[in-house]
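Derivation of every value follows stated rules applied to the coordinates shown; laboratory data play no part. Quantities reported herein were computed from a predicted structural model and do not represent experimental measurements. So basically every Cβ, Gly included, is an ideal-geometry build from the backbone, and we count neighbours across all protein chains shown.
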Amino acid sequence: YMPTLMENNVKVNIMGYLDELPEKTYQIVQRAMAETANNTGLVLNFAFNYGSRREITSAMQEIGGLIEDGELKSEDITEKMISDHLMTGHFGKYQDPDLLIRTSGEQRISNFLLWQLAYSELAFSDKNWPDFDEDDLKQFVNDYKHRNRRFGKVDESDS
């Protein structure tokens, strides 16, 4: 897949506890990220060996360490700081997904990006992932484009 990714200027981000992957898999994911690091087109994010509760716990441990070392006061902790300490912290403007499409008829988020999905739009497909195709994606993106995103605010027209 690497030639296709490079031809299409796709950048690959892979998050998770990658050091716990089998060595061969670890080398492949590191290579994919390194070789596509400077691509500026579509950004393709993957999660391998990932769990959101563990991710949040790790972020809190990092921030707690800063407090213990006297580098930070608890009252200075912000949502942005927490976001920046999550695995998606280096994803820049792509830290929080705009749209999550869940396939296979499942209607749950399964310990996936619990913090980052706070204001994401959710969509569900009965199709299994291998059967989900470009037309399906286009339909979901089109539906998404017509949604009224409120980012936690109350819709004034509902009052």
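Spin-label pair THR78-HIS146: with each label point 7 Å from Cα along the Cα-Cβ axis, the two points sit 3.8 nm from one another.
The Cα atoms of the chain give a gyration tensor whose axes a ≥ b ≥ c have a/c of 1.5 or more with a/b no greater than b/c, which makes the shape oblate. For GLN61 and MET6, the difference between the fully extended length at 0.36 nm per residue and the C-alpha to C-alpha distance is 16.1 nm.
Counting only chymotrypsin sites (Phe, Trp or Tyr not before Pro) that sit in a DSSP loop (anything but H, G, I, E, B) with at most 12 other Cβ atoms within 10 Å, what is the longest stretch of the chain containing none of them? Answer from the scan: 2-150. Taking 0.36 nm per residue of separation and subtracting the current Cα-Cα distance, fully stretching the chain between ALA34 and ALA118 would add 27.3 nm.
In nm, what is the difference between 0.36 nm times the number of residues separating ASP126 and GLU71 and their Cα-Cα distance?
Going from the current span to full extension adds 14.9 nm.
Here each label is just a point 7 Å from Cα along the line to Cβ, and for GLN139 and SER110 those points are 2.1 nm apart.
By the count of other C-beta atoms within 10 Å, a proxy for reagent exposure, LYS24, LYS138 are ordered fewest to most as LYS24, LYS138. A simple charge model with +1 on the Cβ of Lys and Arg, -1 on the Cβ of Asp and Glu and nothing else charged puts the dipole of the chain at about 200 debye relative to its Cα centre.
Going down the table (LYS93/LYS138; LYS93/LYS127; LYS11/LYS138; LYS24/LYS145; LYS73/LYS145), which pairs top 31 Å between alpha carbons? Result: LYS24/LYS145; LYS73/LYS145 exceed 31 Å.
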